[in-house]
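The values are calculated or read from the model by the stated rules, or taken from the named source; none is laboratory data. Nothing here was measured: the structure is a model prediction, and the numbers come from that model. Cβ atoms come from the backbone with ideal geometry, glycine included; neighbour counts cover every protein chain shown.
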Amino acid sequence: MKKQLLFFLFFLSMSFVFGQKSYVKNYYDNGRLKEEGWVEGNQKVDYWFFYNANGTKKEEGHYQNNQRVKWWIFYDGKGKILKKSEFENNKLNGFTIVYDKNKIIRAEEYTMNKKTNQWESVEAFKKDNPFLFL
């Protein structure tokens, strides 16, 4: 009985340690922040931020079970938004909105990493997707 209790307590403590969610930060050799976000059971979960070595944002978005999901935002080297993309199971799946100088210049649609459509203006996108603007 004592061995069974010790065995149970060991596995209970291990599941607590490995199943616990924690916020982590990793740094470049130059001391600047490289990435930060939530880890649970050695997998990235929830929201993450990634930075360039110069300190500007590189990208940010959602993880689930170590895979990109939902919306992600990508930045240029100066921290300006390049695009916003939808992911599912680590693959582009849904819309990507492309920016230039903080203005939308194009919209793209993807199905499991394959581009299936593209619009060269916001007006054209709205015309083909009126259900998004109700």
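Sort out for me the strands (runs of 3 or more DSSP E) sitting completely within the stretch 62-134 that have 1 or more residues that are surrounded by fewer than 17 Cβ atoms within 10 Å (Cβ to Cβ) and touching a helix residue (DSSP H, G or I) at 6+ places or on another chain (Cβ under 6 Å).
Qualifying strands (runs of 3 or more DSSP E): 103-111.
Taking the stretch 47-59, which residues are buried (at least 17 other Cβ atoms within 10 Å of the Cβ) and assigned to a strand (DSSP E or B)?
Once the filter is applied, which keeps residues that are buried (at least 17 other Cβ atoms within 10 Å of the Cβ) and assigned to a strand (DSSP E or B), the stretch 47-59 yields Trp48, Phe50, Tyr51, Lys57, Lys58, Glu59.
Could you list, in sequence order, the residues of the stretch 27-46 that are assigned to a strand (DSSP E or B) and closer than 14 Å to Lys57 by Cα?
Within the stretch 27-46, Tyr27, Leu33, Lys34, Glu35, Glu36, Gly37 meet the criteria.
Give the residue that is modelled with the lowest pLDDT, with candidates limited to residues of the stretch 15-46 that are of a type in the set (Val, Ile, Thr) and surrounded by fewer than 16 Cβ atoms within 10 Å (Cβ to Cβ).
Selected residue: Val17.
If I filter the stretch 104-113 for residues that are under 21 Å from the mean Cα position of the chain (by Cα), closer than 25 Å to Lys34 by Cβ and in contact (Cβ under 8 Å) with a residue 12 or more places away in the chain, do I get at least one hit?
Within the stretch 104-113, not a single residue is under 21 Å from the mean Cα position of the chain (by Cα), closer than 25 Å to Lys34 by Cβ and in contact (Cβ under 8 Å) with a residue 12 or more places away in the chain.
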